[in-house]
Amino acid sequence: MVKILKKELLVPNIHFMVLESEVIHLNAKAGEFVVVRPDEYGERIPLNLVDWDEHSASVVFMEVGTSTRKLGCLKSGDTIADLAGPLGRPTEIVTGKKILAIGGCYGIGALYPVLRAFKESGNTVITAIEARSAFLLYWQERLKKYSDEFFEITRDGTRGFTGHIDKFLNWYLLKNSVDMVYAQGCAYLTYLVSQTTKPVGIKTVVGLNPIMIDATGMCGVCRVIINGETKFACVDGPEFDGHSVDWANLLTRRHIYINEERRSLSFYECEKYG
């Protein structure tokens, strides 16, 4: 059993959780993930590793299905069944570059360790976080610490730049040059970022979030097509060149799994799991 040292609701439906761990920090790097299991009956859930120290590993997650709803109902001092990691390939850290880093939804939290690594390696970092409305933005002060410029984007115009991420990108790139774009968030956000930067030839790295089961490359559920070749996000990723992703395949497969999950969801009351 793994103890929850801290549990915080960041914005509606998105949680920050600090889990007890004496070993994950030994090998943890920016861009990696962990797998958690809320209880002995729960599925294995891959979550971005957003921070770590000698005694803990931290994750940010969004409630989207049965198992993440179970996690969402837990409190500080409770326990989960399992924690495994770090897993995946870390972010390739460049030096001396101008990087535009973009995050949306749970991807805002996933940006944190990557921004830190980019900045500490001597890069210029421009950060843009995106949400439907201002009340869904979070961690601004944390991210500003490692950002040379900082932008907030809301689709309803309640804060910062008004519009979706592709509109912001077109506006920003018209006036500024960057060496690289890095994006974390839902599949649609990373797709839009990739489609916007491809015509202008800016290197774009995206964190993908296909469905995973074993997270060791054995089950094949997290397969994605990169440059016409099958890759597994759990062992070959989770980050890939956004211009090489077969987005039609990825979005179709996610749509199938999400529809199945919605049909099978049960309602869990927090009293049962908290």
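Numerical summary
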item: D (Stokes-Einstein, µm²/s), Kirkwood Cα radius, the chain, 1.567 mPa s at 4 °C; result: 68 µm²/s
item: Shape call, the range 91-206: gyration tensor on alpha carbons, a/c limit 1.5; result: oblate
item: Built amide H within the under 5 Å cut-off of residue 204, gap 5+; result: 181, 242, 243
item: Per-selection Kirkwood Rh - the range 14-124 (Cα, Å, 1 d.p.); result: 14.6 Å
item: The range 17-137 - charge dipole about Cα centre, Lys and Arg +1 at Cβ, Asp and Glu -1, debye rounded to 20; result: 580 debye
item: Backbone HN-Hα couplings from phi across the range 37-47 [Karplus 6.51/-1.76/1.60, Hz, Gly and Pro as x]; result: 9, x, 7, 5, 9, x, 7, 7, 10, x, 9
item: Least to most buried among 240, 161, 135 (fewest other Cβ within 10 Å first); result: 135, 161, 240
item: Distance cut-off 12 Å, percentage of C-alpha pairs in the range 208-249 lying past it; result: 50 percent
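Quick note: the coordinates plus some simple rules give every number you see, no bench work behind them. Model, not experiment: these values are computed from the prediction. Don't worry about glycine lacking a Cβ; one is built from the backbone with ideal geometry, like all the others, and counts go over all protein chains shown.
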